[in-house]
Every structure is written in structure tokens, then in C-alpha cells.
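Novice: Encoded as C-alpha cells, here's the structure I'll be asking about.
The values are calculated or read from the model by the stated rules, or taken from the named source; none is laboratory data. Since this is a predicted model, take the numbers as computed values, not measurements. Because the Cβ atoms are built from the backbone with ideal geometry, glycine has one as well, and the counts that use them run over all protein chains shown.
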Amino acid sequence: MSASALQPAATTYRDAIREALRDALRADPRVFLMGEDVGRYGGSYAVSKGLLEEFGEERIRDTPLSESAFVGAGIGAAIGGLRPIVEIMTCNFSLLALDQIVNNAATLCHMSGGQCPVPVVIRMATGAGRQLAAQHSHSFEGWYAHIPGIRIVAPATLEDARGMLAAALRCPDPVLIFEHVALYNMEGALSDEWPQADIERAKLRRAGRDVALLTYGASLYKCLAAAASLAPLGIEAEVLDLRSLRPLDDAAIFASVRKTRRAVIVDEGWRSGSLSAEISARIMEQCFYDLDAPVGRVCTAEAPIPYPKHLEDAALPQAETVASAVRAMFGK
Amino acid sequence: MSAAPAEIGRERVLERLKAMLRIRRFEDRCAELYGKGFIRGYLHLYNGEEAVGVGVMQALEPDDAVVSTYREHGHALARGVPMNALMAELFGKLAGCSRGRGGSMHIFDVSRRFYGGNAIVGVGIPLAVGLALAQKLRGTRSLAACFFGEGAVAEGEFNESLNLAALWKLPVLFMCENNLYAMGTALDRSESQTDIHLKAAGYRIPSFAVDGMDVLAVEDAARGAAARIRAGGGPEFLELKTYRFRAHSMFDSQLYRTKEEVESWRRRGPLIGFTQKFKERGLMSEDDYLRLEREADQEVDAAVAFAQAADWEPVDQLMRFVYAERGAA
Ligand SMILES: Cc1ncc(C[n+]2csc(CCOP(=O)(O)OP(=O)(O)O)c2C)c(N)n1
């Protein structure tokens, strides 16, 4: 980054992650990046472009199409004393590595009686909105959030994209970072100062007194748009960016709900057996008597995501569907 | 080898040329339509690989199952999926062969036993093994023809499937379209054994390397393998050596290969070599070529018009077919 601290540089979410990778590779010789096409090709979303030239093939490692093998190798290398960052092109392909993530990364520390912590970082793209149809558009972070032993984060802003990687690398546990595909081109400013992101706490992105919109990832922007559209109706929506999906920041969630007495959870995952269901259950368990209305949810339609734009749009949560769920809550 | 090479006459030459030209012109039009926004999402074109799809399909019967990848327009056309339904699918229209829900990567036409259009690398290979298992247990002579790229051979699913098919002597024709690059990764940067057919041999599957730029060589190899598979010989494997002329998907800067390399492969492309050879033998003329090209263009024009005029699936149908409709089958 060339900008001075006074004049934050305009940059993108993609570039913010690249800067974070570069910082990490410079700061710690144990860090390396591996994944499909991360080197020569520059990453399927161009995140690692230029890193091969700077850090060489030992540290920017192209892998064959072998998700189970290279994720497993990342776990092994982490146990062996390195700090691997493994990139999986999208979470859809991470299912080929599910065995390694769920049966190895998540269990080894506990099962070995604490002898085998697994400090691996696994990054992957998630989410829909680019008309890529059902095998390339799903959001599986909620599934992963079901698994004890791994940590799940979803940076929604440039600062978090830049800051969470370092925090993940400092963490002795396996951390999965979900980057929403709709965010890579998002522009914004980033100051020269190393952003302090932690990977456990939610962050309030808009304060309001009437309803709490609980969300993460790219849905954050839909919620902010919904909140803006509700303000003229006299409904002040608060928007809480969860950021960490495991562990969930219960304190922040409950504080928002107690303040506003109403909550709508907005999640690109499906509704059944989901992260949104979990959050709703926790609110019910802990804030039941603080609520003025049942908890609402806006999630993806329970169907595989289709290719044509009108159907994809209809399947996904949108600012308008969020706003109308809130309006319904207020009888407006 | 069983099944002797079919005789080469003018009729066969023109048929193969026509089949390859239909694919080439279709794909070129798709690239244009993508630029204009009519086709969205990912679009993986088959230019350069036409001889493989066309050659292989000659050896298949209507009852055989075909499993393909996201680079499957050519396979679908050669299999007989109507161009109108294919183009409408790429437009995302209801008249598309998958109701427009799949798009370019998910062409399904079960009436022609065309089972996708699978966009997770390697995910179709076990599917083909299962289709073959069903065919064997049901006592048919049909086989399952399975296409995948050389990138897929690094996946566990490839290796697990080959072993299973060989162990159970299942009627699968495995076909690796080796176009040398998996996105930006060259074969020798992803495989310790770059002679892909030797991997299949490691599972004791009869396997052959074939010039995938020569439609007749592909056809002969596929006919031979299919005949032996139908006779109960178990799976066979063809490594079809080819090259993709265009980017992996619509956009990539192709930093992973040189322009000269692409040019040299274009010079020995499936249409050029074929045309030259059979013109020299007097089995076709330049006029034949131009006529077939024109006819292909007309067919593509009609398909585009059809797709443009077709309807969108109404939004209220979104939840249909998440589960099979009762009483529909
Ligand atoms: C399991 C999985 N990993 C990664 C991808 C992303 N991807 C799509 S195509 C491709 C390259 C595949 O190359 P190859 O099998 O040789 O087929 P080709 O595209 O050359 O026809 C990759 C890496 C994917 N779709 N599925």
C-alpha cells in the first residue's frame, strides 16, 4: 500500500485480502499459501495475483485438483509447525475436503488431549449472485459453523478482509474464512494502519432502536439498504454484522435484541437446520421476555440456486424482502 | 481390436465435417452472445476439441448413458440434443433442455440419456459408474460413457471410480479429454505421471492414448472400446489428446501459455487437418466446406431466434422439482 495514513487509498476487498496475505508472508517465514491456481493463474478470483513473483513457488504453491489431499496436507503442515493458508476456490468444492476439515482439523486437538492443535487457515469463496447455477452458488458457512473445533469467520468489509487473516494466523485453532463472491470487487478505503480485527466479536454497523437486523457477509449491504429504506417510515433498524459465525458473539446479539426488542436474521444459507435457526433459538432461550415480536428470518429459498437471473434473485434474500419482513413486523 | 474401422467415403467425411462445424459455429456464436449479455455465468467453450465429442458419439447407441462436464455443448450437440433446446438453456429460458435452470454448465437431456453437465470437477465419474452398474444389473448391453478433463484425474473420485469399475467389471467407457491445461495449471505441474492412460492401466483397465485432433482415429478407438465393453470385457479408458483454443471460461488472460503454443495447436486443429486430408483425397471440396458452414450458421441463427423468443420460467415455479413430483413419472 502506498497511501499515507492521512489519505486512505481507494482499494478493493480483493486487494485488501492480497495485502493481508502479503503482510503475513512477509512477517512469518512459516506462512505459505497453497491451492488450485493460486500461483501462475493468480487465484480463481485473482486474490493472489503477483504473490508468486514476490514469494516464489515454495511459498505460493499451485496444487492439483485434489481438495482432500491439499487441505489434508495443510492440516498436516500446521501440525508440523508451519502456518499454512489454504485456498479452496469456492465452498462448493470444499465439500470434497469435508472429511479432512470435519474429521481431522476439527477433532485432532481435542481427541489428542490437547497435544495436536491445528493452526491452519482455510480461505474460500462463498455465496451466489453471479448466475453460476446450483453447483457454484451455495453458502455452506452455516454448515461449518455446526462443527465444534473449527472457527468460522465472514469478513464483510475491507478492514475485516485485511485484518481477520492476521488474527486467524495468530489463532492456534483451525480458522475458516468465507469471502463472499459479490464482495471481491467492492471498493473502499483502507488506511495504512494495520486494522485491528478480532475473530470473535460482532460489530454494530448501524445503530437503531426499533429492530435488530442480524446478518453477515454480503447480506450486510442488503440489510443496510433495507434499514435506509425503513427510516423514512419511522422504523430505525439496527444492523449487527456477526463477523464470527463460530463462536457466535452471544453478548452482542443479545444486547441488540434487548435494546430493540425485535430481531430479523438475514442469511444467504437455507433456513432449515441452519445458522439462522441457531441464532433464533439462542434469542428465544435468552431474550424471550425481552421480545415484542417473534424473531423473523429472511433466508434463501429452500431450493438449489437456479441459473437465470430472475430466479436467482427470487431465491436470495434481497434488501426489499428484508424491508418487507420488517414492515410486516410493524404492521406497515 | 474388434470392430474394424468403418469405410471412409464421401458421405462419412461430410457427416463428420458437418458435425464438427455445427459445434464450432455454435461455440463461436455463444462467445458473441456472452459479450452481448444474453448468456451469463460461466461459459466454457469446446473450440479445438470437436473431434473428440463427434468421434466418440459415433460409437454410442441410444441406450448408452453419457456423463459430461461443464464443457459439454459439443458432447450434447453430437449426442443429438436439439440445438434449439441447448441454446434456450444457455439463455436461461423455460424451453431449455434443463428448463433454463442449469445454464451452460448443466445440460441435461435424459430422453437422450445425457446426464449433465456436471460442474464440480470429477463429480460425474462416480455417477457414470453407477449408471453402468444399473445397466449391468438390469442385463442390458449398454455402457456409460464418461467425459472428464485431465485436471480431474488428480481427484480422489477419479481414482476411486476407476478402481470400482475395474473391480466390478462395469461397462464404463472412461474418456479423458487431455487438453493439457486445467484452468491455468499445465499437466506437468499437476501430475507426477503425465501419460494419463497409464494411470488407468494401473487399475488394470485397458487404456489407449488417441490423437484427439483426428475425428476418425477417435471414432475407431471408441468403436473398438465400446464393442469390447459391450461384450462384457469391463471398463476401458481412452486418453484423447487435444487442446482448447479459447480461454478456460470466457475470460482469462492466458498467462499460463504462449500465443505461439496456441497458434501451433490451431494449425493442427480438428477441422483444418481433416479438411486438408480429404480435399487431397478428392472426397470433399472447398464448396462442401462453405456450404456446411453456411448450413451450420443457419441452424445457429434459428436456435438464437428460438431462444430469444422463448419464455422465462415464472418465478412462482421456483420451488418445483426440489422434490420429484408425485404421479409425474
Ligand atoms: C472440485 C472442483 N475444484 C475446482 C473447480 C474449479 N475448476 C473448474 S474447471 C477447472 C479445471 C478443470 O480442468 P480439466 O479437468 O482439465 O478440464 P478442462 O476445463 O480443461 O476441460 C477447475 C479447477 C471445480 N469446478 N470443482
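Novice: Quick one: which helices (runs of 4 or more DSSP H) sit completely within the stretch A:11-99 and have at least 2 residues that are within 16 Å of the ligand (Cβ to nearest atom) and among the aliphatic types (A, V, I, L, M)?
Specialist: Details: elements: A:13-27, A:51-55, A:67-79, A:91-94.
Ranges flagged: A:67-79.
Novice: Now for a different question. Within the bounds of the stretch B:171-194, is there any residue that is under 25 Å from B:ARG113 (Cα atoms), modelled with pLDDT of 95 or more and surrounded by fewer than 22 Cβ atoms within 10 Å (Cβ to Cβ)? Walk me through it before giving the result.
Specialist: Step one: list which residues in the stretch B:171-194 are under 25 Å from B:ARG113 (Cα atoms), which gives B:171-178.
Those still in the list that are modelled with pLDDT of 95 or more too: B:171-178.
Now drop any that are not surrounded by fewer than 22 Cβ atoms within 10 Å (Cβ to Cβ), which leaves none.
No, that holds for no residue.
Novice: Right, here's the next one. For A:ILE279, all conditions in the list (1) surrounded by fewer than 15 Cβ atoms within 10 Å (Cβ to Cβ); (2) more than 30 Å from B:GLY92 (Cα to Cα); (3) not hydroxyl-bearing (Ser, Thr, Tyr) hold save one; what is the number of the exception?
Specialist: Only one criterion in (1) surrounded by fewer than 15 Cβ atoms within 10 Å (Cβ to Cβ); (2) more than 30 Å from B:GLY92 (Cα to Cα); (3) not hydroxyl-bearing (Ser, Thr, Tyr) is unmet by A:ILE279, namely (1).
Novice: Output the residues belonging to the stretch A:190-229 that are among the β-branched types (Val, Ile, Thr) and within 16 Å of the chain's Cα centre (by Cα).
Specialist: Of the stretch A:190-229, the ones among the β-branched types (Val, Ile, Thr) are A:199, A:211, A:215.
Those that are among the β-branched types (Val, Ile, Thr) and within 16 Å of the chain's Cα centre (by Cα): A:ILE199, A:THR215.
Novice: Okay, moving on. All but one of (1) surrounded by fewer than 22 Cβ atoms within 10 Å (Cβ to Cβ); (2) out of contact with any Cys (no Cβ under 8 Å at 6 or more places or on another chain) hold for A:ARG243; state the number of the condition that does not hold.
Specialist: All conditions pass for A:ARG243, except number (1).
Novice: Scan the stretch B:59-77 residue by residue and report those that are closer than 10 Å to B:PHE114 by Cβ and within 16 Å of the ligand (Cβ to nearest atom).
Specialist: Within the stretch B:59-77, B:VAL66, B:VAL67, B:SER68, B:GLU72, B:HIS75, B:ALA76 qualify.
Novice: Another question, then. Is it the case that some residue within the stretch B:93-113 is assigned to a strand (DSSP E or B) and buried (at least 24 other Cβ atoms within 10 Å of the Cβ)?
Specialist: Kept after step one, since they are assigned to a strand (DSSP E or B), are these residues of the stretch B:93-113: B:108-109.
Okay, now just the ones that are also buried (at least 24 other Cβ atoms within 10 Å of the Cβ), so none.
Taking every residue of the stretch B:93-113 in turn, none turns out to be assigned to a strand (DSSP E or B) and buried (at least 24 other Cβ atoms within 10 Å of the Cβ).
Novice: Oh, and also: Write out, first by first residue and then by second, each pair whose Cβ atoms fall under 9 Å of each other, whose residues are 6+ apart or on separate chains, and whose first residue, in the stretch A:281-307, is within 14 Å of chain B (Cβ to nearest Cβ) while the second is charged (D, E, K, R) and in a helix (DSSP H, G or I).
Specialist: A:ILE305/A:GLU312; A:PRO306/A:GLU312; A:TYR307/B:GLU89
Novice: I need a count of the residues in the stretch A:23-65 that are crowded, with 19+ Cβ neighbours inside 10 Å and on the phi > 0 side of the Ramachandran plot.
Specialist: Residues flagged as crowded, with 19+ Cβ neighbours inside 10 Å and on the phi > 0 side of the Ramachandran plot within the stretch A:23-65 amount to 4.
Novice: Now, a different point. Taking B:ALA222 and the conditions (1) away from the ligand (no atom under 15 Å from the Cβ); (2) assigned to a loop (DSSP other than H, G, I, E, B), which numbered condition does it fall short on, given that it satisfies the others?
Specialist: (2)
Novice: Applying the selection to the stretch A:217-239, what residues are over 12 Å from A:VAL264 (Cα atoms), in contact with a strand residue (DSSP E or B) (Cβ under 6 Å, 6 or more places away or on another chain) and not small (Gly, Ala, Ser)? Break it down into steps so the answer makes sense when it comes.
Specialist: Quick first cut of the stretch A:217-239, residues over 12 Å from A:VAL264 (Cα atoms) only: A:217-222, A:224-225, A:228-236.
From what is left, the residues that are in contact with a strand residue (DSSP E or B) (Cβ under 6 Å, 6 or more places away or on another chain) are A:217-220, A:224, A:230.
Matches in the stretch A:217-239: A:LEU220, A:LEU224, A:LEU230.
Novice: Another question about this same structure. Check B:VAL121 against each of (1) more than 9 Å from every other protein chain (Cβ to nearest Cβ); (2) within 16 Å of the ligand (Cβ to nearest atom); (3) buried (at least 24 other Cβ atoms within 10 Å of the Cβ) and name the one condition it does not meet.
Specialist: For B:VAL121, the failing item is (1).
Novice: Also: Test of understanding: among B:GLY212, B:GLY224, B:GLY234, which residue is more than 23 Å from B:GLU50 (Cα to Cα) and either of a type in the set (Gly, Ala, Ser) or within 14 Å of another protein chain (Cβ to nearest Cβ) (or both)? Outline the logic, then answer.
Specialist: Working: B:GLY212 fails: more than 23 Å from B:GLU50 (Cα to Cα); B:GLY224 fails: more than 23 Å from B:GLU50 (Cα to Cα).
Within the list B:GLY212, B:GLY224, B:GLY234, the selection yields B:GLY234.
Novice: Given B:GLU191, B:GLU160, B:GLU150, B:GLU177, which one is within 16 Å of the ligand (Cβ to nearest atom) and under 30 Å from B:GLY9 (Cα atoms)?
Specialist: Values: B:GLU191 fails: under 30 Å from B:GLY9 (Cα atoms); B:GLU160 fails: under 30 Å from B:GLY9 (Cα atoms); B:GLU150 fails: under 30 Å from B:GLY9 (Cα atoms).
None of the other options fit; the residue is B:GLU177.
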